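The values are calculated or read from the model by the stated rules, or taken from the named source; none is laboratory data. The structure displayed is predicted, hence computed values, not measured ones. All Cβ positions, even for glycine, are placed from backbone atoms using ideal geometry, and neighbour counts span all protein chains on display. In case anyone asks, the SASA skips ligands and DNA or RNA and just uses the protein heavy atoms, side chains included. Shrake-Rupley method; radii C 1.70, N 1.55, O 1.52, S 1.80 Å.
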Amino acid sequence: NYALLVVWGFLVAFSSYMLLADPNRVGCAFRLNCGTASTLEKLGYKKPTWYIEPYINPIENNVIPKQSRYELWGYCLGNMAATNLWQVFVINGPVRNLLRKKKPLRRLKVKL
């Protein structure tokens, strides 16, 4: 289904942007890879022009280091690949066909 593929592609691109980009408005809206304005300035990022709710943790941010962002992104892509492979081979593929042959459903036969 092409519509689902388009939606899935958009979600992959959107989540990739949120994970890999430096602190920005989108990430801060999801409270991912962001922090208070003063903390972001201390970390070397530009001062945000939008309002950010205060963080209630001692370091006032959850900015992910670049290396860790790529590792997390790799885990996300691996998870998506594993899910798609499971769907293709087990749910809709040869494993399903094999199990249907070995253990068919017993259906109640009703005479009309």
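Thr39 fulfils the conditions (1) in a helix (DSSP H, G or I); (2) touching a helix residue (DSSP H, G or I) at 6+ places or on another chain (Cβ under 9 Å); (3) open to solvent by less than 30 Å² (accessible area, probe 1.4 Å) except for a single criterion, (2).
Here the condition is being in a loop (DSSP other than H, G, I, E, B), of a type outside the set (Asp, Glu) and touching a residue at least 40 places away in the same chain (Cβ under 8 Å); of Val110, Val63, Val12, it holds for Val63 alone. The condition of being modelled with pLDDT of 85 or more, in contact with a Phe, Trp or Tyr (Cβ under 7 Å, 6 or more places away or on another chain) and open to solvent by less than 80 Å² (accessible area, probe 1.4 Å) does not hold for Val90. Scanning region 52-71 for residues being exposed (fewer than 14 other Cβ atoms within 10 Å of the Cβ) and within 26 Å of Ala13 (Cβ to Cβ) gives a total of 6. For region 48-66, the tally of residues that are more than 12 Å from Asp22 (Cα to Cα) and touching a helix residue (DSSP H, G or I) at 6+ places or on another chain (Cβ under 6 Å) stands at 4. Within region 18-45, residues that are within 25 Å of Gly74 (Cα to Cα) sit with their Cβ atoms under 7 Å from residues that are assigned to a loop (DSSP other than H, G, I, E, B) and among the hydroxyl-bearing types (Ser, Thr, Tyr), at 6+ positions apart or across chains, in these pairs: Asp22/Tyr45; Pro23/Tyr45; Gly35/Tyr55.
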